[in-house]
Amino acid sequence: MTTAVSTMPRALLLDFGGVVVETFGRPGWRRELAAEVHQALRAAGHTALTRGDVELDITAGRAAHAGWKNAMSRPYAPREATHREFWAEYVAADWPPAERALVVAHAQHLCRRMVELQAERKPRDGIHELLETARQNGVTVGIVSNALVGEVHREVVRELGLDQLIQVQVYSDEVGIRKPNPEIIDMAAQALSVRCADVWYVGDNFDRDVVCGRRAGVAATILMVAKDTYDPPYRVRDTPDLTVADPAELLAVLRAAESSPS
């Protein structure tokens, strides 16, 4: 075990997707969302766009937004795009003014529906045991995650029965900045009344999570392998202090730190 993870942390900060939960994409979500948007447009008397037009622009907008997110892993302190910005600039930029105004007015709801429809989520193996062991050892726990709609993640946490084991949740859409901006980790650390230097940060991406942990100066940056971990948009120089397969393996690391002298 490396020195960085040989001593029990005061706090454990976790990414959401890939660490707390696994996500499984739903291939029909674009068609379903397009149908809902098209129905809302027609109900408001707007008939300039077909359902196919709406689906094409949602698909293109989502891809363009994904490209922007990849690019935002390079600046030191990236901001987060707003819900209104997503619909106004990425999806409906060339729509007639009335149609564009309608989706912008309902941008938060539409982003929420997109997140709900895009994927199914289930807890990663060992996550309950990991958080319970942290609680027993006086280690506070937080979630620090980029999110289009963090409230959906909060609901998943409640549904999984993890809300009593997690003391703080910080989501990029709610605070206006996104990883690898180190301030987002510092926000969570301050909320838990700990220093970043006493925190283990666990994420599943090199370009966002490992880089963010390094920038924030956490005690240990831990990479948890998920489905896209080894398919980054580009390589970065930062490397994790430790790589684990899942929460169950991280639990073993935490227990080893528990039994080691400080």
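Quick look at the values:
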| read-out | value |
| --- | --- |
| Residue-averaged 222 nm ellipticity for the chain, from DSSP H runs of 4+ at -39500 (n - 2.57), nearest 500 | -12500 deg cm²/dmol |
| Approximate spin-label separation E116-A77, in nm, with each point projected 7 Å along Cα-to-Cβ | 3.6 nm |
| Label selected from [x] 17.0, 50; [y] 19.7, 70; [z] 23.5, 75, the criterion being Rg and Dmax of the Cα atoms in Å as computed here | [y] |
| The chain: relative contact order in percent, alpha carbon pairs under 8 Å with at least 6 residues between | 29 percent |
| For the range 25-119, radius of gyration divided by Kirkwood radius, i.e. Rg to Rh on alpha-carbons | 0.98 |
| Cα centroid of the range 196-262 to Cα centroid of the range 142-182, whole Å | 18 Å |
| The range 6-77: trypsin sites (Lys or Arg not before Pro) in DSSP loop, at most 12 other beta carbons within 10 Å | none |
| Backbone HN-Hα couplings from phi across the range 64-77 [Karplus 6.51/-1.76/1.60, Hz, Gly and Pro as x] | 5, 5, 4, x, 5, 4, 4, 5, 6, 7, 8, x, 5, 9 |
| Reach of K179 by Cα under 16 Å, taken over lysines that are not fewer than 8 positions away in the same chain | K69 |
| DSSP-defined beta bridges in the chain - what % are antiparallel, rounded to 5 | 25 percent |
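The numbers here are math on the coordinates, done by the rules we state, and not lab data. None of the values given here were measured: they were computed from a predicted structure. Counting neighbours? That spans all protein chains shown, and the Cβs are built from the backbone with ideal geometry, glycine included.
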